[in-house]
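Q: Before I ask anything, let me first share the structure, which is written out below as structure tokens.
The values are calculated or read from the model by the stated rules, or taken from the named source; none is laboratory data. If you're wondering where the values come from, they're calculated on a predicted model, not measured in any experiment. All Cβ positions, glycine included, derive from the backbone under ideal geometry; neighbour counts span all protein chains shown.
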Amino acid sequence: MKLGINGLGRIGKLSLWHHISRKHFSEIVVNIGRPVGTGIEDIAAAIERDSSYGRLNTYLHGHTCGRIIENLNDSDGTMTIDGVPVKILREARNPKDIKWQENDVKFVVDTTGVFNDPTTDADDPRGAMRGHLEAGAEKVLLSAPFKIKSKGLDMPQDAVTTVIGINDEDFDTRKHSLISAASCTTTCLSYMIKPLMEKFGADKFLSASVVTVHAVTGSQEVLDRLPNAGATDLRKNRSIMNNIILTTTGAARALGLVIPEMKNIGFIAESVRIPTSTGSLIILVLNIQDTIEDPVKRELLNSTYKKYSEVSPYLGYSEEQNVSSDIIGTPCAATVIEATETHTRTANIKVNLGNIKACVSVDGGEAPIIDVPVTQAVIYGWYDNELGSYTNILGDLTVSIAEKMV
């Protein structure tokens, strides 16, 4: 099977690296949709060098390896990378106009972050992910969360959101044509939540909040500039090189798609962007309904994660003292739990039943006050939001879907 990749930004380029290394697909067809530099040599140079991860040849074979991009043909847009044929398409940006059928591509990973609405018609003049289907693809995997822009529209029956190892069994190859791999943050968070939910049960979670301390992304500015007309968030136009920037994340909504039990739990997710190129951190705060006799302690939380990490290839557990650069490139770890920083505090929360709607005391007197033991837990999870965590796990999901298509 051939693999199509739409876009050669951060996730598109690193997905190409992943699949060149893996060699599962016979050929990779990458759509850029526009001319780049002076020709195919400049595209090859962009593919083989990366400011965060170094050179592709070193990534694949170590520092003794020479250049591995060969057989460049500008007129055909072809090259060979470590023995894998790669074709570059430079004509069409609208998905419905990309020559997937002509190149025998039935499976496309869209990494542009632009075409993320599964309800948009394939013929929309601005383009749509359904356009890939019209152009010849049978399945489209989105490297971002779905975002339905029109209020009141439901998720289409042929669309599903999955995180491998969490709910990838929800994907039905007979039913689903559009698949979202959620986001790097949702992927990390799902592996922080799932082990505890299996241990304690969803009914014990009273509330949860998350702050992701996130590395810069391509949507931010290097230097300050004026906002576009109608822009409401002026911080997006400030320099990421000089600032910590408050922003938003859709992780709370997306998490409910892969772990449905979270929909019934009070959950807040926020994001802070910081001036690093990759390597991010989730700070998870959970309020767990407890028991007086056996309160939840950090040792129980850490042991739960440690045991889960021994059976799951996607959860890392560390008792070292890490910093963000230590996590860069960590292979296939959705999250690495920083066990030294797990903290808990248990207290009895006094609840006046008279403040609860429709609550009346039995004898007509004052409503009783009860003590409810609640443990607040703070858990830290590292993730390489580009290659190590998200792209490698996206690659596993890509291969899993491809194998089910055969």
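Q: Given the structure, is residue 105 at negative phi and not in a loop (DSSP other than H, G, I, E, B)?
A: Here the answer is no, as residue 105 does not meet what is asked.
Q: Kindly indicate which of 135, 144, 159 is within 29 Å of residue 38 (Cα to Cα) and either in contact with a Pro (Cβ under 7 Å, 6 or more places away or on another chain) or among the hydrophobic types (A, V, I, L, M, F, W, C) (or both).
A: After applying the criteria, what remains is 135.
Q: Now, a different point. From the set of residues in segment 124-139 that are out of contact with any Gly (no Cβ under 7 Å at 6 or more places or on another chain) and in contact (Cβ under 8 Å) with a residue 40 or more places away in the chain, which is surrounded by the fewest Cβ atoms within 10 Å (Cβ to Cβ)?
A: 138
Residue-by-condition table, conditions (1) surrounded by 18 or more Cβ atoms within 10 Å (Cβ to Cβ); (2) at pLDDT below 70:
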position: 326; (1), (2): no, no
position: 329; (1), (2): yes, no
position: 340; (1), (2): no, no
position: 344; (1), (2): yes, no
position: 366; (1), (2): no, yes
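Q: Let me ask something else about it. Within segment 245-272, how many residues turn out to be without any contact (Cβ under 8 Å) to a residue 60 or more places away in the chain and either in contact with an Asp or Glu (Cβ under 7 Å, 6 or more places away or on another chain) or under 20 Å from residue 192 (Cβ atoms) (or both)?
A: Looking only at that region, the number is 5.
Q: Looking at residue 17 and the list (1) modelled with pLDDT under 95; (2) surrounded by 21 or more Cβ atoms within 10 Å (Cβ to Cβ); (3) not β-branched (Val, Ile, Thr), which single condition is not satisfied?
A: (1)
Q: Within segment 366-387, which residues are among the charged types (D, E, K, R) and part of a strand (DSSP E or B)?
A: 371
Q: Right, another one. Consider only pairs whose beta carbons are under 9 Å apart and that are at least six residues apart or on different chains; among these, list those whose first residue lies in segment 220-244 and is touching a residue at least 12 places away in the same chain (Cβ under 8 Å) and farther than 10 Å from residue 275 by Cα and whose second residue is among the hydrophobic types (A, V, I, L, M, F, W, C) and not in a loop (DSSP other than H, G, I, E, B).
A: Taking only residues 6 or more apart or on different chains, the pairs are 220/245; 235/245; 235/246; 236/245; 238/245.
Q: Select, from 197, 155, the only residue that is more than 30 Å from residue 304 (Cβ to Cβ) and in contact (Cβ under 8 Å) with a residue 24 or more places away in the chain.
A: None of the other options fit; the residue is 155.
Q: Taking into account only those residues within segment 140-156 that are under 21 Å from the mean Cα position of the chain (by Cα) and either of a type in the set (Asp, Glu) or closer than 25 Å to residue 104 by Cα (or both), which is surrounded by the fewest Cβ atoms within 10 Å (Cβ to Cβ)?
A: 144
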